[in-house]
């Protein structure tokens, strides 16, 4: 579903960024016909324990998304989506998230305000039931503010990557090559969580 929005926003902890994150960004850029993509590395999410400093995660994200045209990566000091959107005041923005995250949307800080500031672009993929997605969408007061786009199933998570590195296993194919090289060079995730 093309929307032709000016900017898409993809926020996350990115500890580390992986091929699933890049596939999500690529699918959003292509299918939503975004003019640009803003990748926001959350400095302190508040709800997740971090293993890597914000500046390091920012550098990893820059490496991960470097090949995507019209993409800018920034550090976001706001822990909550609504605070970041209010500060930035972007025109015609879409906030990109996975279908599983839409199910938790009403646990976010001021979800109605988030919908006022940006549309949601939800990536549907195998593994998230249509029923769960329908139920989540039915709770949205302005369903026209929620768009859907497809992305392939990519079975990878940041926690799995950290665990693999701690066990001394390879992560090739799970993260972009420059990210794997930086993780090795910096000695990241070598200790078990």
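Quick check, is residue 132 touching a helix residue (DSSP H, G or I) at 6+ places or on another chain (Cβ under 9 Å), at pLDDT 90 or above and either assigned to a helix (DSSP H, G or I) or surrounded by fewer than 18 Cβ atoms within 10 Å (Cβ to Cβ) (or both)?
Taking the combined requirement at face value, the residue does not satisfy it.
Residues of segment 172-188 being surrounded by 12 or more Cβ atoms within 10 Å (Cβ to Cβ), touching a helix residue (DSSP H, G or I) at 6+ places or on another chain (Cβ under 8 Å) and under 19 Å from residue 25 (Cβ atoms), which ones?
Result: 174, 175, 176, 178, 179, 182.
Within segment 153-193, can you find the residues that are in a helix (DSSP H, G or I) and within 15 Å of residue 59 (Cα to Cα)?
Result: 177, 178, 179, 180, 181, 182, 183, 184, 185, 186.
Can we say residue 118 is touching a strand residue (DSSP E or B) at 6+ places or on another chain (Cβ under 6 Å), farther than 22 Å from residue 15 by Cβ and surrounded by 15 or more Cβ atoms within 10 Å (Cβ to Cβ)?
Yes, satisfied.
In contact (Cβ under 8 Å) with a residue 12 or more places away in the chain and either within 14 Å of residue 11 (Cα to Cα) or touching a strand residue (DSSP E or B) at 6+ places or on another chain (Cβ under 9 Å) (or both): which single residue out of 85, 50 fits that description?
Residue meeting the stated conditions: 85.
Output the residues belonging to segment 72-92 that are touching a helix residue (DSSP H, G or I) at 6+ places or on another chain (Cβ under 7 Å) and assigned to a strand (DSSP E or B).
Within segment 72-92, 73, 75, 76 qualify.
Looking at (1) surrounded by 11 or more Cβ atoms within 10 Å (Cβ to Cβ); (2) without any contact (Cβ under 8 Å) to a residue 24 or more places away in the chain; (3) over 30 Å from residue 53 (Cβ atoms), which is the one condition that is false for residue 138?
(1) is the only condition that residue 138 fails.
The values are calculated or read from the model by the stated rules, or taken from the named source; none is laboratory data. Just so it is clear, the structure is predicted and the values come from calculations on it, not from any experiment. Note that we place each Cβ from the backbone using ideal geometry, even for glycine, and neighbour counts take in every protein chain shown.
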